[in-house]
Amino acid sequence: MKLITEIMEEKALPIVDKIYNDGFIQGLIRADLSEKAVEHYLKADALYLENFSDIYAILLAKSNDKVEKNFFLGQINFVLNEEIAAHKNLADYIGREYQEIIKGGEWYPSADHYIKHMYYNAFAFGMAEALSAMAPCPWIYKMVARKILANHNLAEDHPLKFWVEFYADGLVDEVLTEYYKIINREAEFMSGEGKQRLIKNFLESCEHERRFFNMAYTQERWELEV
Ligand SMILES: Cc1ncc(CO)c(N)n1
């Protein structure tokens, strides 16, 4: 009997290739990604990661297991304080100060939809539903980064090699192992409908990941001003 998380990853595989072949990642590989695309991505992603750490804090409070709480605590630190290294690589690539770039960001439409998808599941359901919506965050970046390294021999001086290697790093496998332990454990007590929701949450977030990259590539914004 396949684990729910194995079904999730199998069904989501086609979108990894689509993201890899879309403009943002191809531009990153060619190192000709525009300054506007990088600026838009960083403005949106700085807010995305801030909210991702807030959702981890919600799950930390929901958990009654100290090992789980410490996992979420470690992830909050990673997202808030360590992932900034990947952002700074992108900031260096466009030759600007990171803190200056991310000023004045907002939840652009596709990022807004993605963030609310995760919050909705954290507030309206439980930990497994929330983690199923959050798992594509590390998983998609791992899969795309490893595909780039498998298909390209990036030169030592490639300006975005650090970004690719950061997300391809083996540490992400340990993070996903923790996610999947919780998701598969909770799924055992769920109805067919409950299990379907977990899979759908994961697949929807994989599509949100694709939309997020395309949002930055096209500098997507809300049409109407406040
Ligand atoms: C939108 C998004 N997804 C995944 C990651 C990887 O952490 C990120 N930084 N941003």
| query | Going through the DSSP H helices of the chain, which span 18 Å or more along their own axis at the Cα atoms while scoring at least -1.0 as a mean Kyte-Doolittle hydropathy? | reply | 4-21, 35-62, 109-124, 136-151, 171-187, 192-217
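Quick one: ARG221, ARG211, fewest Cβ neighbours within 10 Å first, how do they rank?
Least crowded to most crowded, the residues run ARG221, ARG211.
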| Between ASN70 and ALA31, what is the spin-label point distance in nm, taking each point 7 Å from the Cα along the Cα→C-beta axis? | 4.2 nm
| message | At a 10 Å Cβ-Cβ cut-off, how would you order ILE58, ILE183, ILE115, fewest neighbours first? | response | ILE58, ILE115, ILE183
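Suppose only helical runs count, i.e. DSSP H with n ≥ 4. What mean residue ellipticity at 222 nm does that imply for the chain under -39500 (n - 2.57) per run, divided by all residues and rounded to the nearest 500 deg cm²/dmol?
Rounded to the nearest 500, the figure is -24500 deg cm²/dmol.
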| note | Note: ASP112 to GLU220 extended length (0.36 nm per residue) minus current alpha-carbon separation gives 37.7 nm
| query | Which lysines have a Cα less than 16 Å from the Cα of LYS66, not counting those fewer than 8 places away in the same chain? | reply | LYS181
| Debye log10 I(q)/I(0) for segment 96-178, one point scatterer per Cα, at q = 0.14, 0.17, 0.24 Å⁻¹ | -0.71, -0.94, -1.09
| message | Using the basic label-point model (7 angstrom from Cα toward the beta carbon), what is the ILE94 to SER63 distance in nanometres? | response | 3.4 nm
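Where the only charges are on Cβ atoms (+1 Lys, Arg; -1 Asp, Glu), what is the dipole of the chain about its Cα centre, to the nearest 20 debye? It would help to have the intermediate numbers written out before the result.
Values: 25 positive and 37 negative charges, 92 e Å.
Here the chain has a charge dipole of around 440 debye.
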| remark: The farthest towards the positive end of the charge dipole of the chain, of the residues LEU33, ALA44, PHE72, given +1 on Cβ of Lys and Arg and -1 on Cβ of Asp and Glu, is PHE72
| request: Could you compute the FRET efficiency for LEU13 and ALA124, with r as their C-beta to C-beta distance and R0 at 35 Å, rounded to 0.05? | output: 0.80
| Spin-label pair GLN196/MET1, simplified geometry with 7 Å Cα→Cβ offset, distance in nm | 1.9 nm
| field | GNM top mover of LYS18, LYS36, LYS103 - the chain, alpha-carbon springs below 10 Å | value | LYS103
| query | Contour minus end-to-end for ASP169 and ASN81, with contour as 0.36 nm per residue of separation and end-to-end as the Cα-Cα distance? | reply | 30.0 nm
| remark: The percentage of Cα-Cα pairs in segment 4-218 separated by more than 23 Å is 45 percent
| note | With segment 1-131 reduced to its Cα atoms and the Debye formula applied, log10 I(q)/I(0) at q = 0.09, 0.11, 0.13 1/Å amounts to -0.34, -0.51, -0.71
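Laboratory data are not the source of any read-out in this text; all were calculated from the coordinates shown. Quick caveat: nothing in here was measured; it's all calculated off a predicted structure. Don't worry about glycine lacking a Cβ; one is built from the backbone with ideal geometry, like all the others, and counts go over all protein chains shown.
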